[in-house]
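S.K.: Sending over a structure as structure tokens; questions will come in a sec.
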Amino acid sequence: MRALDEKVLPVYETVLRRNPGEQEFHQAVREVLETLGPVVAKHPEYVEAKLLERICEPERQIIFRVPWQDDRGEVHVNRGFRVEYNSALGPYKGGLRFHPSVNLGIVKFLGFEQIFKNAVTGMPIGGGKGGSDFDPRGRSDAEVMRFCQSFMTELHRFLGEHTDVPAGDIGVGARELGFLFGQYKRITNRYESGVLTGKGLSWGGARVRKEATGYGCAYFVQEMLGVDGRSLDGLDVLVSGSGNVAIYAVEKVQALGGRVVTVSDSSGYVHDPDGIDVELLKQVKEVDRGRVSDYAELRGGRARFVPDRQVWDVPGDVALPCATQNELTGRDAATLIANGVIAVAEGANMPCTPEAIRAFREAGVLFGPGKAANAGGVATSALEMQQNASRDSWTWEHSEQRLREIMHELHRSVYETAEEYGAPGDYVAGANIAGFVRVADAMLAHGLI
Ligand code: GLU
């Protein structure tokens, strides 16, 4: 952890007092506030307008009951959330997560990060996040549908293409978004394509959206390495996770010449020294809804499944944590550094603990925080909103080209911001400051609201 500037410290203390027990939220806020010392020194007007205090407080927090019936007729009650965090730059934008670990603190940490991530994309989108403690794993399609319909029956009144535009996240993919969109359309009697992103291609979805978070993460690593004239070509890469972000990070890293040797899930990891067969991985995960142990089995003797362990034990040049928050600890970072890692980029949101990030910084390892490295997903959501607003549908080539340009520009702006504020090479500071300044200037312009 870094020290907090004296002007910033009271803001953090208020956050701790006002949001007791929300550890991940405190962590996310602290990570941003730690880097804002040079910003408040340069911009006394932000301090006077209490912009830090205002940015830390969500504009609106919605918590609701989600009752539904399983296939045997048994009644379940889940909790639904939507935190509409900041709308200075555009409609609230951010995903929905369905996972048993979801609670208000998790949604707030994700929503808070989303504000700055969305701002650094340069797109006109505010920040928000939502979800439920519902676990789609092991549920039938009919059960998932009934849950989604109940969830949207309450949430729909807060959404709208100009108001709040959810997308997917962990546990929410094309299937869930389909059911959510169907219910929204039915209740409102409007074909309002721009109210959700990550939609299926035949009903308003955008090409490359599904792939964009993982692809963008690979592009971002390529950009970081490119500063010193290096590239992913010939490097061994560790990917954790095996969901949407991980699968498409694997695909793009391999297209750029790297060799991805691991993927994982909550039961363990796969080590595949010849390089992950991404088509087989897609079949196992996207079609069969299986586990990485199934992948290892289908791969014959080439890949090994290691139960109950993390991928960070495997030697590699680059590490891409693409699973979930706090999955890479200080100890894992020490192992990676001892094994010669040169770059780390967060495909997931806040996967590295503060201790891990500090270890990477001290060892001179390139570190791309999620707010920059996984921003390709939400940036492509903004492209989906553009296509929906103009009732257009872009080609694959054009969409991928736009994503590549956005990641290039985002890297440049984060890199230059870090230099401008006296932290050269510090992508954490660069992303936080670039995002913060953009949101703060818009908030100042809008007056005290
Ligand atoms: N949940 C994703 C994220 O963390 C996507 C959000 C979106 O596309 O709105 O950025």
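S.K.: Scan segment 363-380 residue by residue and report those that are over 12 Å from the mean Cα position of the chain (by Cα) and either surrounded by fewer than 22 Cβ atoms within 10 Å (Cβ to Cβ) or within 16 Å of the ligand (Cβ to nearest atom) (or both).
M.R.: The answer is Ala363, Gly364, Val365, Leu366, Gly368, Thr380.
S.K.: Answer yes or no as to whether Gly435 is in contact with a helix residue (DSSP H, G or I) (Cβ under 7 Å, 6 or more places away or on another chain), surrounded by fewer than 22 Cβ atoms within 10 Å (Cβ to Cβ) and not aliphatic (A, V, I, L, M).
M.R.: Criteria not met by Gly435.
S.K.: For Gly111, state whether it is more than 17 Å from the chain's Cα centre (by Cα) and either assigned to a strand (DSSP E or B) or within 14 Å of the ligand (Cβ to nearest atom) (or both). Lay out the reasoning, then the answer.
M.R.: Numbers: more than 17 Å from the chain's Cα centre (by Cα): no; either assigned to a strand (DSSP E or B) or within 14 Å of the ligand (Cβ to nearest atom) (or both): yes.
When the stated conditions are applied, Gly111 does not pass them.
S.K.: Could you list all residues from segment 285-312 that are surrounded by 15 or more Cβ atoms within 10 Å (Cβ to Cβ) and under 23 Å from the mean Cα position of the chain (by Cα)?
M.R.: Within segment 285-312, Lys285, Glu286, Gly290, Arg291, Val292, Gln310, Val311, Trp312 qualify.
S.K.: Is it true that Phe158 is away from the ligand (no atom under 13 Å from the Cβ) and in contact with a Cys (Cβ under 6 Å, 6 or more places away or on another chain)?
M.R.: So Phe158 fails the test.
S.K.: A further question on this structure: Kindly indicate whether Tyr184 is part of a helix (DSSP H, G or I), among the aromatic types (Phe, Trp, Tyr), away from the ligand (no atom under 13 Å from the Cβ) and within 21 Å of the chain's Cα centre (by Cα). I'd like the intermediate steps shown before the answer.
M.R.: Numbers: part of a helix (DSSP H, G or I): yes; among the aromatic types (Phe, Trp, Tyr): yes; away from the ligand (no atom under 13 Å from the Cβ): yes; within 21 Å of the chain's Cα centre (by Cα): no.
Spelling it out, it is not the case that Tyr184 is part of a helix (DSSP H, G or I), among the aromatic types (Phe, Trp, Tyr), away from the ligand (no atom under 13 Å from the Cβ) and within 21 Å of the chain's Cα centre (by Cα).
S.K.: From the list Arg72, Arg65, pick out the single residue that is part of a loop (DSSP other than H, G, I, E, B) and either more than 15 Å from the ligand (Cβ to nearest atom) or surrounded by fewer than 17 Cβ atoms within 10 Å (Cβ to Cβ) (or both). Please lay out each step first, then the result.
M.R.: On the way: Arg65 fails: part of a loop (DSSP other than H, G, I, E, B).
Just one listed residue meets the conditions, Arg72.
S.K.: Out of everything in segment 187-203 that is more than 17 Å from the chain's Cα centre (by Cα) and among the aliphatic types (A, V, I, L, M), what residue ends up being nearest to the ligand (Cβ to nearest atom)? Give the derivation first.
M.R.: First, the residues of segment 187-203 that are more than 17 Å from the chain's Cα centre (by Cα): 187-195, 199-203.
Narrowing further to those that are among the aliphatic types (A, V, I, L, M): 187, 195, 201.
Numbers: Ile187: 21, Val195: 12, Leu201: 16 Å.
Looking at residues that are more than 17 Å from the chain's Cα centre (by Cα) and among the aliphatic types (A, V, I, L, M), I get Val195.
S.K.: Sort out which residues of segment 199-237 are of a type in the set (Gly, Ala, Ser) and either in contact with a His (Cβ under 7 Å, 6 or more places away or on another chain) or within 20 Å of Glu405 (Cα to Cα) (or both), and write them in order of number.
M.R.: Once the filter is applied, which keeps residues that are of a type in the set (Gly, Ala, Ser) and either in contact with a His (Cβ under 7 Å, 6 or more places away or on another chain) or within 20 Å of Glu405 (Cα to Cα) (or both), segment 199-237 yields Ala206, Ala212, Gly214, Gly216, Ala218, Gly226, Gly229, Ser231.
S.K.: May I pose another question? Can you name the residue in segment 204-224 that is within 15 Å of the ligand (Cβ to nearest atom) and of a type in the set (A, V, I, L, M, F, W, C) and is also surrounded by the fewest Cβ atoms within 10 Å (Cβ to Cβ) among such residues?
M.R.: Val208
S.K.: If we scan segment 127-150, do we find a residue that is closer than 27 Å to Tyr415 by Cβ and under 15 Å from the mean Cα position of the chain (by Cα)?
M.R.: At the first step, the residues of segment 127-150 found to be closer than 27 Å to Tyr415 by Cβ are 127, 129.
When the remaining residues are screened for being under 15 Å from the mean Cα position of the chain (by Cα), the result is 127, 129.
Checking segment 127-150: at least one residue is closer than 27 Å to Tyr415 by Cβ and under 15 Å from the mean Cα position of the chain (by Cα).
S.K.: Now a separate question. List pairs: first residue in segment 191-218 and at positive phi, second residue more than 14 Å from the ligand (Cβ to nearest atom) and among the charged types (D, E, K, R) anywhere in the structure, Cβ distance under 8 angstrom, at least six positions apart or on different chains.
M.R.: Cβ pairs passing all conditions: Val208/Glu400.
S.K.: Restricting the search to segment 128-150, which residues are within 16 Å of the ligand (Cβ to nearest atom) and of a type outside the set (Gly, Ala, Ser)?
M.R.: Matches in segment 128-150: Lys129, Pro136.
S.K.: Take the residues in segment 237-269 that are on the phi > 0 side of the Ramachandran plot and touching a strand residue (DSSP E or B) at 6+ places or on another chain (Cβ under 9 Å); name whichever of them is surrounded by the most Cβ atoms within 10 Å (Cβ to Cβ).
M.R.: Going through the qualifying residues, I end up with Gly241.
S.K.: Does Ile433 count as more than 30 Å from Trp203 (Cα to Cα) and out of contact with any strand residue (DSSP E or B) (no Cβ under 7 Å at 6 or more places or on another chain)?
M.R.: Criteria met by Ile433.
S.K.: Hey, another quick one. Out of all the residues in segment 363-405, which are over 16 Å from Tyr248 (Cα atoms) and charged (D, E, K, R)?
M.R.: Lys371, Glu384, Arg391, Asp392, Glu397, Arg402, Glu405
S.K.: Of Asp332, Asp272, which residue is surrounded by 19 or more Cβ atoms within 10 Å (Cβ to Cβ) and over 24 Å from Phe367 (Cα atoms)?
M.R.: Among Asp332, Asp272, only Asp272 is surrounded by 19 or more Cβ atoms within 10 Å (Cβ to Cβ) and over 24 Å from Phe367 (Cα atoms).
S.K.: Is at least one residue of segment 88-110 among the polar types (S, T, N, Q) and either within 24 Å of Glu31 (Cα to Cα) or out of contact with any strand residue (DSSP E or B) (no Cβ under 9 Å at 6 or more places or on another chain) (or both)?
M.R.: Looking for residues that are among the polar types (S, T, N, Q) and either within 24 Å of Glu31 (Cα to Cα) or out of contact with any strand residue (DSSP E or B) (no Cβ under 9 Å at 6 or more places or on another chain) (or both), one finds at least one in segment 88-110, hence yes.
S.K.: Among Glu409, Glu419, which is the only one that is more than 15 Å from the ligand (Cβ to nearest atom), touching a residue at least 40 places away in the same chain (Cβ under 8 Å) and assigned to a helix (DSSP H, G or I)?
M.R.: None of the others qualify; the one that does is Glu409.
S.K.: Within segment 51-60, identify whether any single residue is part of a strand (DSSP E or B) and of a type outside the set (Ser, Thr, Tyr), and answer yes or no.
M.R.: yes
S.K.: Would you check if Glu84 is acidic (Asp, Glu), at pLDDT 95 or above and in a helix (DSSP H, G or I)?
M.R.: Here the answer is no, as Glu84 does not meet what is asked.
S.K.: Look at segment 91-108 and say how many of its residues are of a type outside the set (Phe, Trp, Tyr), at negative phi and within 13 Å of the ligand (Cβ to nearest atom).
M.R.: First pass over segment 91-108, keeping only residues of a type outside the set (Phe, Trp, Tyr): 91, 93-97, 99-108.
Subset that is at negative phi: 91, 93, 95-97, 99-108.
Imposing the further condition that a residue be within 13 Å of the ligand (Cβ to nearest atom) reduces the set to 91, 93, 95-97, 99, 102, 106-107.
Matching residues across segment 91-108 total 9.
The values are calculated or read from the model by the stated rules, or taken from the named source; none is laboratory data. What you see is a predicted model, and the numbers here were worked out from it, not measured in a lab. Note that each Cβ is placed from the backbone with ideal geometry, even for glycine, and that neighbours are counted across all protein chains shown.
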